[in-house]
Structures are given as structure tokens and as C-alpha cells.
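Written below as C-alpha cells is the structure these notes are about.
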Amino acid sequence: MRTRNLMIAFAMTGFIFSTACADTKKENVHNETEKVTSDDVTEKEAVKKTPTIVGVAAANEDFSTLVAAVKAAGLVETLSADGPFTVFAPVNAAFDKLPEGTVAGLLKPESKDALTSLLTYHVVTGKFMAADVVKAINDNNGTFSIPTVQGGNLIASMSGDNVILTDESGNVSTIIMTDVAASNGVIHAIDSVVMPK
């Protein structure tokens, strides 16, 4: 009888222990699920909180002329779309290099087509980080032709450690800041405006 009671006690202890373990496993699974869900939400929120290309440019005073031009050309919605896009974005000083009156003339309503052509010549479909551009240059014997949304091409090459863009008229621009993240692509700042033919 005493042996039987002892066996029952062991059985009960085993049952309680296994139930406790099962509860702990359920709790761990629940916690892991919560963690995964929480991480996913955090990542999605981070993407949502990162502005689009237009938002990033608008938040940086060095791109104020570019943003004014994008608005005048009616490209805000286009450059806020899903993309992804790579934008070679001229800084204000780049626009200042243009002949006097050029920017003012381009911002006029009657120049919208010319302005759109100019701006889309700075945009590439797809997201290309600086390392991608350098690799493409190196893989293609030192120069790489980049097709733009405008339809023309930019030629990328290296000058020392700098990536140089040459437009179809032979004008040269240097990339001065790379890999500025946006939710729908990436921005590389350039020091001169490149011109389509």
C-alpha cells in the first residue's frame, strides 16, 4: 500500500512537472511570436517613417532649388511613387553654376517640358547604391552607361576615388554625397547639373 501511494505521488509529481514544462513552452512560444511580430512591426514602421525621395530632399536645405524645380515640373507625385528610383540630385551650388537666368527661365510654366526633361535625366529606374555604381564601372573597363528615365544616358567613370558622371554634351559632374536613403530609393548628391541633348 505504501509503495502504491509512493508511485501515485511520483506519477502526480511527473504530471505536474510536465504540465509546468508545457506551460513554459507555450509561454516561450507566445513570447517568441510576440517578439517576431514586434520586430516585423518595428521594421515596417521604420520604412513608413523614412520619407520618400521628395521628402528627404525637402528636408535638406541644400536641395531647395531641386525641390522647387520638381514642384514646378509636377514631378512630386512621380518621385513619391513606390519606385525604386536612384536620383543624382544637384545641390543648390550646382544650379548656381548655370548661366544667369537659366533656373528662373526653367521654373516658368511655359518651360515645363524642358524642365521635366532636365529633371528626369537625373533619375534612374531601380535602386543603385554607390558600391553598385563603382562595381558596374570596374566591371565594364572603367566606364558604365546609365540609362535615365528621360531616355538619354549618363556615363559613369572614376576619377581617383570619386565617381564622375558625364552627360551627352560632355559636361562633367562629381558625386559628392552617396547613399542618402529614402523609402522609395536612394539619392546621390552631385556638384553640377547634367544636361540632356
Completion exercise
Here the averaged projected area of the range 111-175, based on the convex hull of its alpha-carbon atoms and given in nm², is 4.6 nm²
Exercise for the section: Loop only per DSSP, at most 13 neighbouring Cβ atoms within 10 Å: give me the GluC sites (Glu not before Pro) in the range 64-114, ordered by residue number. Expected result: 100
Problem - Lysine pairs in the range 52-190 with Cα atoms under 25 Å, if 8 or more residues apart or on separate chains - result: 7
Exercise for the section: Evaluate the distance, in nm, between pseudo-label points positioned 7 Å from the Cα of residue 166 and of residue 82 along their respective Cα→Cβ axes. Expected result: 3.8 nm
Fill in the blank from the handout: Rounded to a whole number, the Stokes-Einstein D of the range 52-190 in µm²/s (Kirkwood radius over Cα pairs; 10 °C; 1.306 mPa s) is 105 µm²/s
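FYI, it's all coordinate maths here, none of it is from the lab. Predicted model only: the values in this text are computed from it and were never measured. Please note: Cβ atoms are built from the backbone with ideal geometry, for glycine as well, and neighbour counts cover all protein chains shown.
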